[in-house]
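What follows is a single structure, written as structure tokens, with notes after it.
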Amino acid sequence: MKKLVLHHKHVALGAKIVPFAGFEMPVTYEGVNAEHDTVRTSVGIFDVSHMGEFLITGEGALSLIQAVTSNDASKLGDCKIQYSCMPNNEGGIVDDLLVYRVSDIEYMLVVNASNIQKDWDWIAKHNTFGAEMRNISDDYCLFAVQGPKAKEALQDLTPTILTAMDYYTFAIDRFAGVNDVIISATGYTGASGFEIYVQNQDAEKVFDAIMKKGEKYGIKPIGLAARDTLRLEMGYCLYGNDINDTTSPIEAGLSWITKFSKPFVNSDKLKEQKEKGVSRKLVGFELIDRGVPRHDYKIVDASGNEIGVVTSGTMSPTMKKAIGMGYVTKEHSSLNSEIFVQVRDKNLKAKVVSIPFLASAVK
Amino acid sequence: MNFPSELKYTKDHEWIKVEGNVATIGITDFAQKELGDIVYVEIETVGEELAAEVVFGTVEAVKTVSDLFMPVSGKVVTVNDAINNNPELVNSDPYGEGWMIKVEVSNATELAGLLSADDYKKLIGE
């Protein structure tokens with residue numbers, strides 16, 4: 001089990017630590033609902049240094065990325081970011097990821113911690129383009145600073161004009177006295193904010209500076225539990241829950257990042273699937289009856305026939321409603337369809353609703 | 001964490017307070033902390049005679065769900081309505097406003113098998 005570079009700091013901040021994706025991770029500090037509210041109303045900081053980062057460089061870099069990812073990375077300009085996924089040959093997804101273009105011959109891929117080795121092997125296997133690959137996951141820390149006050153809290157720390165940064169762009173600049181920090185206008189919460197990539201040796205300095213500058217905005221550390229409820233309110237997929245090796249990006253509602261403007265792994269089959277239509281779809285739902293849906297609970301129709309499965313569920317801290325996502329047969333996937341979630345011995349009534357569950361602060 | 005000495009406890013992290021033949025039951029401070037923010041307490045066993053260690057309800061927290069077990073055998077006579085609308089009372093006041101059920105104890109000899117506050121603290125490593 002790996003420890004975060006700032007493990008001691010999280011313990012001192014009162015974190016409850018749990019194993020996650022091979023790391024000892026802070027799951028809560030003061031409590032999931034309070035932390036969730038902090039991000040929705042002011043600003044919070046997450047240590048998500050467990051995430052993986054690969055540098056892909058050289059003349060073949062773009063060709064390699066185009067071959068393994070579903071989105072069209074040729075559309076990226078310098079300092080632009082793209083959400084994408086890596087399809088496998090069996091119709092599923094190896095991982096979802098962010099693609100950063102530093103220059104036309106230098107890209108950074110940000111992948112899920114649980115998939116670092118699998119992704120590395122997969123990309124390396126497809127590297128017939130002579131691209132150079134470097135796994136820098138163990139060299140960098142990543143702090144997500146999220147919430148409506150994130151810009152104000154961070155502005156004093158960098159010459160980059162944060163208000164001028166569009167969503168899904170980044171800058172490499174001086175930050176908290178440290179050179180070459182990656183300041184990325186991204187996040188996994190639907191609140192506006194930034195993700196800050198910093199080398200391990202400067203991590204504590206940067207973390208402390210953010211906490212200090214954020215103090216007057218009420219900045220608080222946020223754990224994985226609230227990260228999950230925040231992303232779920234936005235209907236963002238979580239790898240391992242909502243998408244995995246067996247779910248197709250088309251079924252998962254990720255057609256928007258599946259571009260057939262270029263060939264990629266399994267693109268022919270996915271294109272056919274998109275044209276013919278899929279038999280099941282990932283939908284959002286809210287419970288009408290009282291209860292809480294959870295990963296792997298069955299979804300049934302009014303007669304009790306199994307029609308799908310819950311992939312994520314929670315009581316939304318913002319809406320105070322039980323919400324979830326799950327795969328259901330196409331016939332039950334339209335808005336307002338009545339479905340039932342099996343919670344223990346009962347079938348609780350639910351209805352299909354649009355995603356995001358809550359209006360996003362970013363676009 | 002707080003474990004009042006006048007209460008009895010179980011290994012399943014419930015507390016029990018006996019007055020006459022009626023026992024009030026809830027979950028411990030340790031249990032509420034481990035569960036995190038509680039969002040729903042489902043108890044549909046009012047009027048039922050349940051044996052010790054049988055499930056009398058379920059507590060749903062944001063991140064997890066856990067069964068609630070009868071510390072002793074008896075008939076569930078009352079559910080705390082307040083936690084139906086305000087389940088967070090279980091977090092904020094587990095031994096007070098966050099109580100869960102009242103039970104008519106059917107076999108008082110079972111009470112001898114419950115844990116004291118000190119025994120319970122040892123159990124959870126306090």
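The values are calculated or read from the model by the stated rules, or taken from the named source; none is laboratory data. This structure is a prediction, so every number in the text was calculated from the model and none was measured. Because the Cβ atoms are built from the backbone with ideal geometry, glycine has one as well, and the counts that use them run over all protein chains shown. The protein model used for the area step is the full one, side chains on, heavy atoms only, and it has no ligands, DNA or RNA in it. Shrake-Rupley method; radii C 1.70, N 1.55, O 1.52, S 1.80 Å.
Odds and ends about this structure:
- For residue A:2, distant residues with modelled amide H under 5 Å away: A:23, A:24
- Averaged over residues, the count of other Cβ atoms within 10 Å places the peptides A:326-339, A:144-157, A:87-100 in the sequence A:144-157, A:87-100, A:326-339, highest first.
- Cα-based shape type of the stretch B:11-123, given that a ≥ b ≥ c are square roots of the gyration tensor eigenvalues and the cut on a/c is 1.5: oblate
- Taking a ≥ b ≥ c as the square roots of the eigenvalues of the Cα gyration tensor, the stretch A:255-353 is classed as prolate, since a/c reaches at least 1.5 and a/b is larger than b/c.
- Residues whose placed amide H lies under 5 Å from that of residue A:53, excluding near-sequence neighbours: A:111, A:136, A:137
- The string of couplings for the stretch B:24-40 from the Karplus curve (6.51, -1.76, 1.60, θ = phi - 60°) is 9, 10, x, 10, 7, 4, 4, 4, 5, 5, 5, 6, x, 4, 8, 10, 6 Hz, one whole number per residue in order, with x for Gly and Pro.
- For the stretch A:163-168, putting each phi into the Karplus relation 6.51 cos²θ - 1.76 cosθ + 1.60 with θ = phi - 60° gives couplings of 5, 8, 7, 6, 4, 6 Hz, in residue order, rounded to whole numbers and with x for Gly and Pro.
- For the stretch A:1-47, residues shielded by at least 30 square angstrom of accessible area compared with the chain on its own, probe 1.4 Å: A:16, A:32, A:33
- For residue A:120, solvent-accessible area (1.4 Å; no DNA, RNA or ligand), Å²: 60 Å²
- Lys, Arg +1 and Asp, Glu -1 on Cβ, resulting dipole of the protein assembly as shown about Cα centre, debye, nearest 20: 1080 debye
- Extension gain (nm, one decimal) between residue A:362 and residue A:346, 0.36 nm per residue minus Cα-Cα: 2.0 nm
- Here the stretch A:255-353 is assigned +1 on the Cβ of each Lys and Arg and -1 on the Cβ of each Asp and Glu. Its dipole about the Cα centre then comes out at about 300 debye.
- Candidates B:25, B:123, B:111 compared by Cα position along the dipole of the stretch B:11-123: farthest toward the positive end lies B:123, with charges placed on Cβ.
- For the stretch A:291-306, residues shielded by at least 50 square angstrom of accessible area compared with the chain on its own, probe 1.4 Å: A:294
- Protein accessible area in the protein assembly as shown, 1.4 Å probe - carbon and sulfur %: 49 percent
- Dividing the summed -39500 (n - 2.57) terms of all DSSP H runs of n ≥ 4 by the residue count of chain A sets its mean residue ellipticity at 222 nm at -6000 deg cm²/dmol.
- Placing dummy labels 7 Å off each Cα toward the beta-carbon, the span from residue A:118 to residue B:21 is 5.9 nm.
- Residue-normalised accessible area of the stretch B:11-123, given per residue in Å² at a 1.4 Å probe: 44 Å²
- Rounded to the nearest whole Hz, the Karplus-based 3J(HN,Hα) values (6.51 cos²θ - 1.76 cosθ + 1.60, θ = phi - 60°) of the stretch A:65-75 follow the sequence 5, 4, 6, 9, 10, 7, 7, 9, 6, 5, 7, with x at glycine and proline.
- For the stretch B:22-58, residues shielded by at least 10 square angstrom of accessible area compared with the chain on its own, probe 1.4 Å: B:34, B:37, B:39, B:40, B:42, B:44, B:58
- Part-to-part distance (alpha-carbon centres) for the stretch A:39-79 and the stretch A:125-189, which is given in Å: 10 Å
- Leading residue at positive end of dipole, chain B (Cβ point charges), from B:3, B:80, B:98: B:3
- Selection from A:226, A:74, A:88, by position along the positive dipole direction of the stretch A:74-231 (Cβ): A:226
- Each Lys and Arg adds +1 at its Cβ and each Asp and Glu adds -1 at its Cβ; summed about the Cα centre, the stretch B:11-123 shows a dipole of about 260 debye.
- Euclidean distance of C-alpha centroids, the stretch B:1-35 and the stretch A:1-19, integer Å: 30 Å
- Gap separating the Cα centres of the stretch A:314-359 and the stretch A:218-248, nearest whole Å: 16 Å
- Anisotropy class of chain A from Cα gyration tensor, a/c 1.5 cut: oblate
- Remark: the stretch A:255-353 carries 48 Å² of accessible area per residue (probe radius 1.4 Å; ligands, DNA and RNA excluded).
- Separation of the alpha carbons by more than 20 angstrom is noted, of A:3/B:122; A:151/A:212; A:3/A:205, for A:3/B:122.
- The B-A contact accounts for roughly 1400 square angstrom of buried accessible surface, both chains included, probe 1.4 angstrom.
- Taking amide H positions as modeled 1.01 Å from N, with prolines and chain starts lacking one, the residues under 5 Å from residue A:312 and 5 or more places away or on another chain are A:325.
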